[in-house]
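*Asks:* Quick one: structure below, then a few questions.
The values are calculated or read from the model by the stated rules, or taken from the named source; none is laboratory data. Predicted, not measured: the structure shown is a model, and the values here were computed from it. Please note: Cβ atoms are built from the backbone with ideal geometry, for glycine as well, and neighbour counts cover all protein chains shown. Only protein heavy atoms, including side chains, enter the accessible area calculation; ligands, DNA and RNA are left aside. Shrake-Rupley method; radii C 1.70, N 1.55, O 1.52, S 1.80 Å.
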Amino acid sequence: MASILEKIAAHLQTHRMAAWEGTFRDYLSLVLQQPTLAQRAHARLYSMIHTAGVRVDEAGKEHYAFFERDLFGIDEPLAKVVEYFKAAALGSDVGRRILLLYGPPSSGKSQLVILLKRGLEEFAHTDAGAVYAIADCPQHEDPLNLVPHALRREFQEETGIHIEGELCPLCALTLREKYQGDIYKVLVRRVFFSEKERCGIGTFVPSDPKSQDIAELVGSIDLSTIGDYGSESDPRAYRFDGELNVANRGMMEFIEMLKADERFLYVLLTLAQEKNIKTGRFPLIYADECVIAHTNETEFNEFLADKKSEALHDRMIMVRIPYNLKVSQEERIYEKLLRQTNMQHLHIAPHALRVAAIFAILSRLEEPKTAGLTLLKKLKLYDGEDVEGFRQKDLKLIQEQTEREGMDGISPRFIINRISSSLIKPDARCINPIDILRAIRDGMESQGQFKKADRERYHQLIAEARREYDEIARNDVQKAFFVSFEQEASTLVDNYLDNVEAYLDHTKLTDPITGEEVPPDEKLMRSLEQKVHVPEHGKDSFRNEIFRKVAMAHRHGEKFDYTTHEKLKEAIEKQLFEERRDTIKLTISARSPDTEQVRKLNDVVETLIAREGYCSECANELLKYVSSLLAREK
Ligand SMILES: Nc1ncnc2c1ncn2[C@@H]1O[C@H](COP(=O)(O)OP(=O)(O)O)[C@@H](O)[C@H]1O
Ligand SMILES: [Mg+2]
């Protein structure tokens with residue numbers, strides 16, 4: 001509790017609502033101290049992203065902290081987006097183009113834009129991102145636009161700041177009438193971007209193209225005030241409240257851009273290209289804003305194929321936002337989305353999200369073209385694991401052989417919806433990997449969105465994800481049965497060494513129970529040795545070698561345990577696992593377990609809960625499941 005209060009206090013410190021009001025003359029001295037105040041929209045966005053932190057990996061690729069908490073596994077497309085801001089910030093011509101994000105549904109396009117919008121709001125509260133505007137201008141006009149053209153060259157020579165904007169009609173009028181042209185007297189204020197308060201951030205969603213009014217973008221005449229001003233072209237009789245006016249100096253989001261009527265697209269393009277808003281009422285109105293649009297791929301392709309829109313094509317920078325292709329990152333997406341639901345009291349069994357993620361990623365991968373590379377191996381390689389026959393360095397070539405990987409397949413949203421639908425069942429308390437796979441399969445059947453061929457392929461992939469889970473499940477159970485693995489391993493090693501010693505010395509052992517003298521247990525020794533392929537004719541030298549090692553350890557005052565000799569260790573582990581397999585099978589498959597078995601089962605469940613994050617429900621489900629797996633093996 002206390003810590004959140006402190007955090008809020010710290011937040012208020014760094015985000016102090018530093019109200020500031022002064023004349024343009026005061027403002028100029030601020031700008032001269034901190035020239036970044038004069039940065040334009042694209043530069044502001046770029047510096048916002050940069051300020052949050054950049055990490056360069058071994059391959060020289062950049063990763064941005066700004067996106068890291070909300071967007072996972074799509075660092076490459078994000079780098080392209082940042083590249084756009086960077087080039088635009090440096091004044092390149094790309095700043096005069098619209099940034100168009102396209103990709104499959106639910107690939108994170110909206111999320112990306114939301115981050116930029118929220119980021120801008122936050123940034124405007126900091127010193128580095130502070131924004132000042134001519135007071136009461138509906139477009140929160142850049143005060144530097146007051147500098148007369150005649151002085152701008154000298155201004156740049158002295159300050160390094162290039163001014164390119166024009167005063168909006170309203171500010172021009174105020175300057176004339178209220179300030180009699182004395183720019184030094186014009187009132188300037190610090191402003192805080194806010195989408196809600198329609199300052200610095202505009203959003204446009206196309207609706208019915210026939211009835212949607214262009215005024216939504218560019219503002220409109222205020223009919224009620226024309227009488228007061230006597231003319232339709234008096235700026236005071238105009239409402240500069242279109243989304244493009246609002247977005248001046250910040251950013252403009254255009255949702256589902258390609259669904260919009262062409263009239264809207266052209267206004268947008270003029271804005272990007274000429275930095276002007278066309279209204280028909282006034283000479284062009286200068287505006288400086290970053291236009292970011294997004295759309296799904298189907299519409300994007302139609303747009304590309306449409307000859308009529310060719311002129312628009314080169315006025316956009318198109319960045320493809322595909323699905324993430326890394327299992328571990330996909331899990332993070334699910335965790336994030338589940339945190340946003342109200343189902344947090346429900347238990348998600350270990351591996352459940354991973355298994356769902358395996359299926360989702362499999363559905364997005366293209367069939368490998370390299371011999372020996374299976375879909376599953378590719379999936380593991382992509383997530384940073386080396387697999388038999390392939391290493392991380394092969395990735396580049398493998399990726400080059402793909403065409404549109406990440407643009408098809410199952411979206412994170414679909415998986416989350418399926419998980420939710422199985423979690424809202426009244427008696428649900430816990431969801432395990434098999435529940436999720438089942439929910440996904442049922443969803444494929446009941447929702448009409450999948451073509452038959454896709455459905456069939458997805459069914460195979462569900463089976464594949466399940467086979468992966470079988471391995472994981474078996475492993476968890478084995479580990480849980482081995483609470484005292486170390487203990488058992490060391491008993492077995494001691495036993496083996498006693499026998500080897502007797503064998504090499506040609507002596508006998510004493511049976512610990514009967515006290516009788518017995519010959520060395522050849523069967524026990526051979527059983528271990530065969531696990532690591534020691535042949536009959538090689539056993540003497542193997543036993544001698546082991547014994548030398550024991551003697552050496554002894555001489556150095558070190559303890560010889562089962563891990564000292566690599567081969568022996570392997571033999572011991574194999575032996576124990578093999579013995580266990582039968583015990584496990586017998587214990588968890590017993591129809592009416594005896595008291596010893598019941599005790600063991602309880603221990604195993606306890607271990608799963610304490611060490612692996614199971615709850616009693618999913619731990620018991622796991623045992624049942626592995627039991628059915630073992631029953632199917634011969
Ligand atoms: N790579 C990703 N990393 C993190 N979250 C993601 C990713 N892709 C999708 N999501 C999440 O999935 C949901 C749907 O994404 P959204 O941005 O609405 O998709 P789009 O606009 O591309 O259709 C969002 O909650 C988003 O945060
Ligand atoms: Mg969207």
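*Asks:* Any chance you could count how many residues in region 288-303 are closer than 23 Å to ALA88 by Cβ and either away from ligand 1 (no atom under 16 Å from the Cβ) or in contact with a His (Cβ under 8 Å, 6 or more places away or on another chain) (or both)?
*Replies:* 5
*Asks:* Still on this model: Restricting to helices (runs of 4 or more DSSP H) lying wholly in region 308-403: which have 3 or more residues that are open to solvent by 50 Å² or more (accessible area, probe 1.4 Å) and closer than 25 Å to SER110 by Cα?
*Replies:* In region 308-403, 327-339 are the helices (runs of 4 or more DSSP H) which contain 3 or more residues that are open to solvent by 50 Å² or more (accessible area, probe 1.4 Å) and closer than 25 Å to SER110 by Cα.
*Asks:* Among the residues of region 583-634, write down those that are open to solvent by 40 Å² or more (accessible area, probe 1.4 Å), over 26 Å from LEU437 (Cα atoms) and assigned to a loop (DSSP other than H, G, I, E, B).
*Replies:* ARG591, SER592, PRO593, ASP594
*Asks:* Applying the selection to region 97-108, what residues are out of contact with any Phe, Trp or Tyr (no Cβ under 7 Å at 6 or more places or on another chain), buried (at least 24 other Cβ atoms within 10 Å of the Cβ) and more than 26 Å from ASN276 (Cβ to Cβ)?
*Replies:* GLY108
*Asks:* Kindly list, by first and then second residue, each pair from a residue in region 100-114 that is under 23 Å from LEU268 (Cβ atoms) to a residue that is within 9 Å of ligand 2 (Cβ to nearest atom) and among the charged types (D, E, K, R), limited to pairs with Cβ atoms under 9 Å and residues at least 6 apart or on different chains.
*Replies:* From residues that are under 23 Å from LEU268 (Cβ atoms), the pairs are LEU101/LYS109; TYR102/LYS109; GLY103/LYS109.
*Asks:* If you go through region 527-541 one residue at a time, how many are assigned to a helix (DSSP H, G or I) and open to solvent by 20 Å² or more (accessible area, probe 1.4 Å)?
*Replies:* Of the residues in that region, 8 qualify.
*Asks:* Taking into account only those residues within region 404-425 that are open to solvent by less than 30 Å² (accessible area, probe 1.4 Å), within 16 Å of ligand 2 (Cβ to nearest atom) and in a helix (DSSP H, G or I), which is farthest from GLU297 (Cα to Cα)? Show your work before the answer.
*Replies:* Taking region 404-425 first, the residues open to solvent by less than 30 Å² (accessible area, probe 1.4 Å) are 405-407, 409-412, 414-416, 419-420, 422-423.
Now drop any that are not within 16 Å of ligand 2 (Cβ to nearest atom), which leaves 407, 411-412, 414, 416.
Then keep just the ones that are in a helix (DSSP H, G or I); that gives 412, 414, 416.
On the way: PRO412: 17, PHE414: 18, ILE416: 22 Å.
Going through the qualifying residues, I end up with ILE416.
*Asks:* Pull up region 295-307, narrow it to residues that are surrounded by 12 or more Cβ atoms within 10 Å (Cβ to Cβ) and among the hydrophobic types (A, V, I, L, M, F, W, C), then point me to the one that is farthest from ligand 2 (Cβ to nearest atom).
*Replies:* If we take residues in region 295-307 being surrounded by 12 or more Cβ atoms within 10 Å (Cβ to Cβ) and among the hydrophobic types (A, V, I, L, M, F, W, C), then LEU304 is farthest from ligand 2 (Cβ to nearest atom).
*Asks:* Let me ask something additional. Only one of (1) exposed (fewer than 15 other Cβ atoms within 10 Å of the Cβ); (2) small (Gly, Ala, Ser); (3) within 30 Å of PRO143 (Cα to Cα) is not met by ALA43, so which one is it?
*Replies:* Of the numbered conditions (1) exposed (fewer than 15 other Cβ atoms within 10 Å of the Cβ); (2) small (Gly, Ala, Ser); (3) within 30 Å of PRO143 (Cα to Cα), the odd one out for ALA43 is (1).
*Asks:* What residue, of LYS479, LYS425, LYS452, is basic (Lys, Arg) and within 30 Å of LYS569 (Cβ to Cβ)? Talk me through it step by step, then tell me what you get.
*Replies:* Working: LYS425 fails: within 30 Å of LYS569 (Cβ to Cβ); LYS452 fails: within 30 Å of LYS569 (Cβ to Cβ).
When all the criteria are applied, what remains is LYS479.
*Asks:* A further question follows. Are there helices (runs of 4 or more DSSP H) fully within region 65-164 with at least 2 residues that are under 30 Å from GLY409 (Cα atoms) and aliphatic (A, V, I, L, M)? List them.
*Replies:* 75-89, 109-123
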